[in-house]
Structures are given as structure tokens and as C-alpha cells.
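Enquirer: What follows is a structure written as C-alpha cells; I'll ask about it next.
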Amino acid sequence: MKLSKAFTLMESGPVVLVTTHDGQKDNIMTISWTMVMDFTPVFAITTGEWNHSFAALRKNRECVIAIPTVDMLDKVVGIGTCSGADTDKFAKFKLTPVQGKFVTSPLIKECLANIECKVIDIVKKHNIVVLEVVAAYIEPLARRSARFTLLATERSLSTGARSTGGR
Ligand SMILES: Cc1cc2nc3c(=O)[nH]c(=O)nc-3n(C[C@H](O)[C@H](O)[C@H](O)COP(=O)(O)O)c2cc1C
């Protein structure tokens, strides 16, 4: 297998939308490289200066991770193939910004879940942006499936199926 394709063996997490606000405008980008780093909860995304969103992430040190529904697929790809530098993506993709509680970056009303985050570190060498979650919201139907996943995880943890590193 080509080394350049090795990441496809690892990358099976959800494709998410990340919103930012640069002080003047809202923006959205698509991110597939995400990572849960702790139960606390701390997450990470991989992005960098080549994206318009990065300047807002670096300046305001906050964002919202929004979990799209499957039927938003075309919008998700569209959002990830144009730039907020010359496009109002909320208008273009007919999405509704909703004011969050702790960050100025908007939640996306049409998404299944929204996570307000503060940037707590940027690891420049690897283009990793480390995020601390300050609030999370989930739609009632999605909550049921998330609860199911949580129960399955708790069960495997309690039976010792997975090491928690002492946590
Ligand atoms: C399916 C998909 C996944 C993507 N994943 C990432 C990612 O993990 N990291 C990243 O920096 N860009 C990723 N992109 C590219 C950005 O979303 C894209 O460069 C976008 O235009 C950035 O928007 P902005 O310039 O308005 O910030 C992805 C695009 C698509 C379509």
C-alpha cells in the first residue's frame, strides 16, 4: 500500500464542520482530521494557515464543532471546497447560524450536535489545534444513539475490554 494512503486505514471518524468568527464575519470549514485527546474533554483538529478559518482560530482562540447529518453531505463537501475569504458559506449553503453561550463562533441549527470550544494550544510543527470543550448540545433523536454508544463504551470499560490509562 502507498504510504500516502496509509491514513485511510485510520481515518474513520465523523466529518465535521468547524465554525469561526473573525470579529466581522462567520465562516465554516469542513474537517475530517479530528481526535479525542482526553475525557476532560479535550479534542484536536488538524488545520493550518492554508485555510481562511485558521486566522480566526488563531486570533480569537475559539470555534464550534458542528456534527452534520448524512443528508448534508453535498453541503459538507461544498463547504470544504470553497473559501470564506470570498464566500459567505452560511448564505451559500443555506445554513442558520445560532448564537452560542461561551464563544462568538456560531452553532449551526441544521446540525445534529454542536460543541463550543476554546483553543488551548496550537502545535505549529504538526498543524494541530488543541481544543477544550466548554459546552455541547445534541438533538433529542441523536441523543438516543449517543447514549447507546456511551453505554456500550461504559460496558467495555467496566469489563476491562479497554485500558483507560488509570483514569
Ligand atoms: C471531506 C473534507 C474533509 C476535509 N478535512 C480537512 C481537515 O481535516 N483539515 C483541513 O485543514 N482541511 C480539511 N478540508 C479542507 C477545508 O475544509 C477547505 O480547505 C476549506 O475550503 C477551508 O475553508 P476556509 O478557507 O473558508 O477556512 C476538508 C475538506 C473536505 C471536503
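The values are calculated or read from the model by the stated rules, or taken from the named source; none is laboratory data. Because the structure is predicted, anything quoted here is derived from the model rather than measured. Note that each Cβ is placed from the backbone with ideal geometry, even for glycine, and that neighbours are counted across all protein chains shown.
Enquirer: Just wondering, is there one or more residues in the stretch 26-36 that are outside any strand (DSSP E or B), within 10 Å of the ligand (Cβ to nearest atom) and surrounded by fewer than 21 Cβ atoms within 10 Å (Cβ to Cβ)?
Expert: So far as the stretch 26-36 goes, yes, one or more of its residues are outside any strand (DSSP E or B), within 10 Å of the ligand (Cβ to nearest atom) and surrounded by fewer than 21 Cβ atoms within 10 Å (Cβ to Cβ).
Enquirer: Filter the stretch 1-25 down to residues that are touching a strand residue (DSSP E or B) at 6+ places or on another chain (Cβ under 6 Å) and hydroxyl-bearing (Ser, Thr, Tyr) and give me whichever is surrounded by the most Cβ atoms within 10 Å (Cβ to Cβ).
Expert: Looking at residues that are touching a strand residue (DSSP E or B) at 6+ places or on another chain (Cβ under 6 Å) and hydroxyl-bearing (Ser, Thr, Tyr), I get Thr19.
Enquirer: Let me ask another. Can you tell me which residue is nearest to Cys117 (Cα to Cα) among those in the stretch 37-49 that are among the β-branched types (Val, Ile, Thr) and more than 11 Å from the ligand (Cβ to nearest atom)? Steps first, answer last, please.
Expert: Just the residues of the stretch 37-49 that are among the β-branched types (Val, Ile, Thr), to begin with: 40, 42, 45-47.
Those left that are additionally more than 11 Å from the ligand (Cβ to nearest atom): 40, 42.
Details: Thr40: 13, Val42: 9 Å.
Per the stated criteria, the residue is Val42.
Enquirer: Could you please find all residues in the stretch 50-73 being of a type in the set (Ser, Thr, Tyr) and in a loop (DSSP other than H, G, I, E, B)? Spell out how you get there, then give the answer.
Expert: First, pick out the residues of the stretch 50-73 that are of a type in the set (Ser, Thr, Tyr): 53, 69.
If the condition is that a residue be of a type in the set (Ser, Thr, Tyr) and in a loop (DSSP other than H, G, I, E, B), then Thr69 is the only one that fits.
Enquirer: Let me ask another. Just to be sure before I move on: is Asp86 part of a loop (DSSP other than H, G, I, E, B) and within 11 Å of the ligand (Cβ to nearest atom) in the structure I sent?
Expert: Values: part of a loop (DSSP other than H, G, I, E, B): yes; within 11 Å of the ligand (Cβ to nearest atom): yes.
Yes: the conditions hold for Asp86.
Enquirer: Given (1) under 12 Å from the mean Cα position of the chain (by Cα); (2) under 12 Å from Leu17 (Cα atoms), where does Phe90 come up short, assuming only one miss?
Expert: (1)
Enquirer: Moving to a separate point now. If you take the residues of the stretch 73-99 that are closer than 20 Å to Phe54 by Cα and small (Gly, Ala, Ser), which of them is surrounded by the most Cβ atoms within 10 Å (Cβ to Cβ)?
Expert: Filtering first and then ranking leaves Gly84.
Enquirer: Name the single residue, out of those in the stretch 37-49 being outside any strand (DSSP E or B) and among the hydroxyl-bearing types (Ser, Thr, Tyr), that is surrounded by the most Cβ atoms within 10 Å (Cβ to Cβ). Give the derivation first.
Expert: To start, the set of residues in the stretch 37-49 that are outside any strand (DSSP E or B) comprises 39-41, 47-49.
Right, trim to among the hydroxyl-bearing types (Ser, Thr, Tyr) and you get 40, 47.
Values: Thr40: 9, Thr47: 18.
In this case the residue turns out to be Thr47.
Enquirer: I'd like to check something: does the stretch 50-72 contain any residue that is more than 11 Å from the ligand (Cβ to nearest atom), at pLDDT 95 or above, hydroxyl-bearing (Ser, Thr, Tyr) and surrounded by 13 or more Cβ atoms within 10 Å (Cβ to Cβ)?
Expert: No, the stretch 50-72 contains no residue that is more than 11 Å from the ligand (Cβ to nearest atom), at pLDDT 95 or above, hydroxyl-bearing (Ser, Thr, Tyr) and surrounded by 13 or more Cβ atoms within 10 Å (Cβ to Cβ).
Enquirer: Would you mind finding the one in Asp74, Asp26, Asp88 that is more than 27 Å from Pro140 (Cβ to Cβ) and among the acidic types (Asp, Glu)?
Expert: Values: Asp74 fails: more than 27 Å from Pro140 (Cβ to Cβ); Asp26 fails: more than 27 Å from Pro140 (Cβ to Cβ).
Just one listed residue meets the conditions, Asp88.
Enquirer: Please indicate, with yes or no, whether at least one residue in the stretch 124-134 is assigned to a strand (DSSP E or B), in contact with a Pro (Cβ under 8 Å, 6 or more places away or on another chain), within 16 Å of the ligand (Cβ to nearest atom) and not aromatic (Phe, Trp, Tyr). Spell out the reasoning first.
Expert: Going through the stretch 124-134, the residues assigned to a strand (DSSP E or B) turn out to be 128-134.
Applying the additional criterion that residues be in contact with a Pro (Cβ under 8 Å, 6 or more places away or on another chain) yields 132-133.
This time we only want the ones that are within 16 Å of the ligand (Cβ to nearest atom), so: none.
Checking the stretch 124-134: not a single residue is assigned to a strand (DSSP E or B), in contact with a Pro (Cβ under 8 Å, 6 or more places away or on another chain), within 16 Å of the ligand (Cβ to nearest atom) and not aromatic (Phe, Trp, Tyr).
Enquirer: Further, regarding this structure: When you look at Val76, is it assigned to a helix (DSSP H, G or I) and within 11 Å of the ligand (Cβ to nearest atom), yes or no? Write out each step before concluding.
Expert: Numbers: assigned to a helix (DSSP H, G or I): yes; within 11 Å of the ligand (Cβ to nearest atom): yes.
Taking the combined requirement at face value, the residue satisfies it.
Enquirer: Another question, if that's okay. Mind checking whether some residue in the stretch 97-107 is under 19 Å from Pro14 (Cβ atoms) and not small (Gly, Ala, Ser)?
Expert: Yes, there is a match, as at least one residue in the stretch 97-107 is under 19 Å from Pro14 (Cβ atoms) and not small (Gly, Ala, Ser).
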